[in-house]
């Protein structure tokens, strides 16, 4: 059993019990058993954390006076500490989230890369001189936006933490993080590393709790200058609406129903492997998962056959076992949602090729599921399932595939598998999505911006563009007369 070291609220580099005295359980999805009781932050705790972040951001504070290069060194130190403790953090993530241990380790490495990447940016964020009309000297200053409320999901807890903290801290903001109530453990451990790295008190604060209480309080607090949220489109809309009362800056990375087009000139076996991985990775709990796979009619039957073989050989079970590639879903609520959508696919006439049921063992395990002959009007074709459920569609022409790829309220990602560069460029130019992947899927990097079109979100994370979400531009003009 992995030892749980931190269960309290982290404010001002100190550990606190909730002011209400309330706690909530975090559950091991592999066993359905309680791991630990976590202090449940509510409005009073959030307000206390925000006050600490406001104080740390004041002009003249240690954090505001710190050289930009020193901020970069702190981020590098944090990355080094995560690297030192990577085995423990990966095991803690697997315990709390249920993802297979090798995948959890990959997540830790991705977080390390993000911290190091933005550490390098800390002293390279600068304004411009402007040749304005008249006898004036004009220039811009790039300043941190201020106190940032950050709300992260349960599917990639430590990666999402790094994606939020790294650019915010590189630019000089202070943060209050609300981790998902299903997976608070790695975020809380990171609080201890914040202290060890040497960040001043109040720069980073962590308040575990529920969305309607802790999350809503963070959005509503008038002293919070920006909200960064990753999660469902439904909650993102609510956050955007509530944040408008105080005109907070808002960035949202929301849901998706990503298409992947398989052309007739691409190797069928390789395509089926890429498509399966793009859909099933992380138990299918990925916002940009390739859940709509459009396959050319000339190779469709063989592709369906190969997809079933790949799904059936996936090893589902204890995420700490070396052979496991698919762990449990995150909780009972998500499991029931997935199963209900699978039943809708059966009832609406999609052909169930393999899977389709909950596994008969303790834990929230669902069989890898493949539906063929899916129609665009079906619920499984339109709604985000967030589970190990692949949907296969047949198409005739690339123009048809492009039109159907765009026929969704989402626009987070899309992909095409082709040996024709003209097809690749046409698809990339025509599909409205924040990321277009060619001859692969989910090939992401901390150097490249990520975010969505349409109802998949507002703003971008990662890359240089990720810095912009945490900055304000100030124009200074000096009259030279």
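The values are calculated or read from the model by the stated rules, or taken from the named source; none is laboratory data. Here the structure is a predicted model, which is why all the values come from computation and not from measurement. Because the Cβ atoms are built from the backbone with ideal geometry, glycine has one as well, and the counts that use them run over all protein chains shown.
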Which condition from (1) touching a strand residue (DSSP E or B) at 6+ places or on another chain (Cβ under 7 Å); (2) assigned to a loop (DSSP other than H, G, I, E, B) is the one that residue 265 breaks?
(1)
Matching helices (runs of 4 or more DSSP H) fully within the range 39-158 where at least 3 residues are closer than 30 Å to residue 330 by Cβ, under 19 Å from the mean Cα position of the chain (by Cα) and without any contact (Cβ under 8 Å) to a residue 40 or more places away in the chain
101-121
Please determine, by comparing only the residues of the range 443-481 that are in contact with a strand residue (DSSP E or B) (Cβ under 8 Å, 6 or more places away or on another chain) and at pLDDT below 95, which one is surrounded by the fewest Cβ atoms within 10 Å (Cβ to Cβ).
480
Taking the range 273-292 and keeping only residues that are in contact with a strand residue (DSSP E or B) (Cβ under 8 Å, 6 or more places away or on another chain) and more than 20 Å from residue 454 (Cα to Cα), one is left with 274, 275, 276, 278, 279, 280, 283, 284
Scan the range 383-408 residue by residue and report those that are surrounded by fewer than 22 Cβ atoms within 10 Å (Cβ to Cβ), touching a strand residue (DSSP E or B) at 6+ places or on another chain (Cβ under 6 Å) and farther than 21 Å from residue 351 by Cβ.
none
Just wondering, is there one or more residues in the range 355-370 that are over 17 Å from residue 283 (Cα atoms) and either within 25 Å of the chain's Cα centre (by Cα) or touching a residue at least 12 places away in the same chain (Cβ under 8 Å) (or both)?
no
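From 258, 240, grab the single residue that is under 20 Å from the mean Cα position of the chain (by Cα), surrounded by fewer than 20 Cβ atoms within 10 Å (Cβ to Cβ) and closer than 25 Å to residue 413 by Cα.
Values: 258 fails: surrounded by fewer than 20 Cβ atoms within 10 Å (Cβ to Cβ).
Only one candidate passes the filter, namely 240.
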Failed item in (1) within 20 Å of residue 352 (Cα to Cα); (2) out of contact with any strand residue (DSSP E or B) (no Cβ under 7 Å at 6 or more places or on another chain); (3) buried (at least 24 other Cβ atoms within 10 Å of the Cβ), with residue 319 passing the rest:
(1)
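I'd like the full set of residues that are assigned to a helix (DSSP H, G or I) and either surrounded by 22 or more Cβ atoms within 10 Å (Cβ to Cβ) or at pLDDT below 95 (or both), limited to the range 283-302. Don't jump to the end; show me each part of the working.
Kept after step one, since they are assigned to a helix (DSSP H, G or I), are these residues of the range 283-302: 283-284, 300-302.
Listed by number, the residues that qualify are 283, 284.
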Tell me, yes or no, whether the range 340-350 has at least one residue that is under 22 Å from residue 254 (Cα atoms), surrounded by fewer than 23 Cβ atoms within 10 Å (Cβ to Cβ), out of contact with any helix residue (DSSP H, G or I) (no Cβ under 8 Å at 6 or more places or on another chain) and modelled with pLDDT of 95 or more.
yes
If you check 175, 207, which single one turns out to be under 23 Å from residue 98 (Cα atoms) and modelled with pLDDT of 95 or more?
207
Filtering the range 217-237 down to residues that are assigned to a loop (DSSP other than H, G, I, E, B) and either under 14 Å from the mean Cα position of the chain (by Cα) or without any contact (Cβ under 8 Å) to a residue 24 or more places away in the chain (or both) yields 231, 232
